[in-house]
Amino acid sequence: MESQLSEVEEVKAANQRFYEAFGALDIGQMEALWDTSADAMCVHPGWDALVGWDAIRASWVGIFDNTMLMHFNIRYVNVAVRGDTAWVTCAEHISSVLQGRASNFGILATNIFVRTPHGWKLSAHHASSGL
């Protein structure tokens, strides 16, 4: 089915899988969609940049272990594909329960994907407060 989708739709689907894994608080799903190389990069809001899958994975495990609920409403999705690289910019409207505290907040995010033999993989996630 995915081969019938346009490149933009394939990247949108990969981006959706990222938010589904995040919302499910599932490290296995998260690992399946990331480029797990030393080139991968992640910036959580207010954090220093994490480079390499080992550091990124540890950050997700820590977030998931301290989170009871994470629900995303993704808006203003813009996708660009250039060769074997694609990026998605979007606004994340999040409802969460983190360390026992409920909150609602907005984040601006850029997700960069690379085409691999196994489909589009997330190579960089950069999220900043700002909504």
Hey, Ala40 hits all of (1) small (Gly, Ala, Ser); (2) free of Cβ contacts under 8 Å to residues at least 40 places away in the same chain; (3) open to solvent by less than 30 Å² (accessible area, probe 1.4 Å) but one; which does it fall short on?
(2)
Quick one: is Ala14 of a type outside the set (Lys, Arg), over 18 Å from Thr89 (Cα atoms) and not in a strand (DSSP E or B)?
no
Tell me which of these Val61 doesn't satisfy, since it passes every other one: (1) without any contact (Cβ under 8 Å) to a residue 60 or more places away in the chain; (2) assigned to a strand (DSSP E or B); (3) surrounded by fewer than 18 Cβ atoms within 10 Å (Cβ to Cβ).
(2)
Going by the structure shown, is Phe105 farther than 16 Å from Ala13 by Cα and modelled with pLDDT of 95 or more?
no
Out of Glu7, Glu31, Glu20, sole residue that is farther than 22 Å from Gly130 by Cβ, under 12 Å from the mean Cα position of the chain (by Cα) and either among the hydroxyl-bearing types (Ser, Thr, Tyr) or open to solvent by 80 Å² or more (accessible area, probe 1.4 Å) (or both)
Glu20
Can you find even one residue in the range 76-92 that is open to solvent by 30 Å² or more (accessible area, probe 1.4 Å), more than 17 Å from Val8 (Cβ to Cβ) and more than 13 Å from the chain's Cα centre (by Cα)?
no
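The values are calculated or read from the model by the stated rules, or taken from the named source; none is laboratory data. If you're wondering where the values come from, they're calculated on a predicted model, not measured in any experiment. In this analysis, Cβ positions are derived from the backbone assuming ideal geometry, glycine residues included, and neighbour counts consider all displayed protein chains. Note: areas computed on protein heavy atoms with side chains; ligands, DNA, RNA excluded. Shrake-Rupley method; radii C 1.70, N 1.55, O 1.52, S 1.80 Å.
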